[in-house]
Amino acid sequence: MIDLNGRKAVVTGGTRGIGRAIVLALAGAGADVITCARGDGEPAQSLARELKDLGGDHAVLKADVAEAADVARLAEEARTRYGTVDVLVHNAGVISHIPFGELPLAEWNRVIDTNLTSAFTVLQSMLPVLRDGASVVNVGSRVATIGIPMRAHYTASKAGLIGLTRSAAKELGSRGIRVNVVAPGPIETEAEVPAAVRERYQKMIPLGRLGAAEEIAGAVLFLASDLSGFVNGETLHVDGGI
Ligand SMILES: NC(=O)c1ccc[n+]([C@@H]2O[C@H](COP(=O)([O-])OP(=O)(O)OC[C@H]3O[C@@H](n4cnc5c(N)ncnc54)[C@H](OP(=O)(O)O)[C@@H]3O)[C@@H](O)[C@H]2O)c1
């Protein structure tokens, strides 16, 4: 079992899907966790209840990582609540499926802003709060280095995340801060997967199934812990061998 007792974590986009599994895995391992999402409805409220039941000093904030003021508020909450932060997971991300020739610039910008630019603003804002030796994990995607039709904006954002991670790892290493990517393959979340898509993925993935959000959280736990103390600038694919 990975023990993160006493560690302080910040996770963006933690109310649903993979982010929620990451928040609950970190809290389950003993860490205190602040997370955020744009919405403050049922997913946020039920997560807050689950975290309360687990015990610890947790918070679920309404904050949009694509908004500079919200990112600053998230970092300020981490500073006032925890003083310093040991683990930063940038998980918030959005996707859409649009043929390249029809992709509107506004949609390109929305996806790049949420998935990539926010990784820069969140990490830069958190820099004074991150303790020396902290672990930063950016949630990327398996498709970043493969490409996939109708998702040029999405793959570009996730490929950019790898470059950001590599450079940040080199620059922040002098403070002992590690920066890595976890790149999920197709993962089962609350989102509906059409039967034909599921069947295609099952054929492509040697393990014959989609991944579970908890299996991405497991990789994040490893990177958050001292077990991965010499893993830096890496992209860890968690994709069933697709
Ligand atoms: N699911 C997969 O198969 C898969 C595969 C590869 C990579 N990934 C990556 O894994 C991450 C999580 O994916 P997911 O499938 O779990 O997504 P999801 O189910 O749509 O959940 C996304 C979470 O992020 C929050 N969020 C979205 N935009 C945000 C913003 N601008 N500011 C703050 N929070 C925001 C959402 O809450 P609100 O909507 O309330 O803001 C929600 O809590 C993403 O980076 C995604 O690209 C997923």
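Points worth noting:
- DSSP-loop GluC sites (Glu not before Pro) across the range 157-210, with at most 16 other Cβ within 10 angstrom: Glu190, Glu192
- Solvent-accessible area, 1.4 Å probe, carbon plus sulfur percent, for the range 59-214: 57 percent
- Distant-in-sequence amide H partners of Val10 (H built 1.01 Å from N, under 5 Å): Ile34, Val87, Leu88, Val89
- Rolling a 1.4 Å probe over the protein chains gives Arg79 an accessible area of about 120 Å².
- Stretching the chain fully between Asn109 and Glu192 yields a gain of 27.3 nm (0.36 nm per residue, less the alpha carbon separation).
- Extension gain, Glu50-Arg73: 0.36 nm per intervening residue step, less the Cα-Cα distance, totals 5.9 nm.
- 5 angstrom amide H check on Leu236, placed H, neighbours 5+ away: Val181, Val182, Ala183
- Trypsin sites (Lys or Arg not before Pro) within the range 134-221, DSSP loop, no more than 16 other Cβ atoms inside 10 Å: Arg209
- For the chain, adding -39500 (n - 2.57) for each run of n ≥ 4 DSSP H residues and dividing by the number of residues yields -13000 deg cm²/dmol at 222 nm.
- In the context of the full set of protein chains, the range 8-238 has a per residue accessible area of 45 Å² (1.4 Å probe).
- Of Lys52/Lys170; Lys8/Lys158; Lys8/Lys62; Lys52/Lys158; Lys8/Lys170, pairs whose Cα-Cα distance is over 30 Å: Lys52/Lys170; Lys52/Lys158
- Helix 68-82 axis versus longest C-alpha principal axis of the chain: approximately 40°, rounded to the nearest ten.
- What separates the Cα centres of the range 172-240 and the range 27-48 is a distance of 20 Å.
- The chain: angle of helix 195-204 to the longest principal axis, Cα-based, in degrees nearest 10: 80 degrees
- Contour minus Cα-Cα distance for Met150 and Thr84 (0.36 nm per residue): 19.7 nm
The values are calculated or read from the model by the stated rules, or taken from the named source; none is laboratory data. Quick caveat: nothing in here was measured; it's all calculated off a predicted structure. Virtual Cβ from ideal backbone geometry, glycine too; neighbours counted across all protein chains shown. Side chains are part of the model used for accessible areas, which takes the heavy atoms of the whole protein and leaves out ligands, DNA and RNA. Shrake-Rupley method; radii C 1.70, N 1.55, O 1.52, S 1.80 Å.
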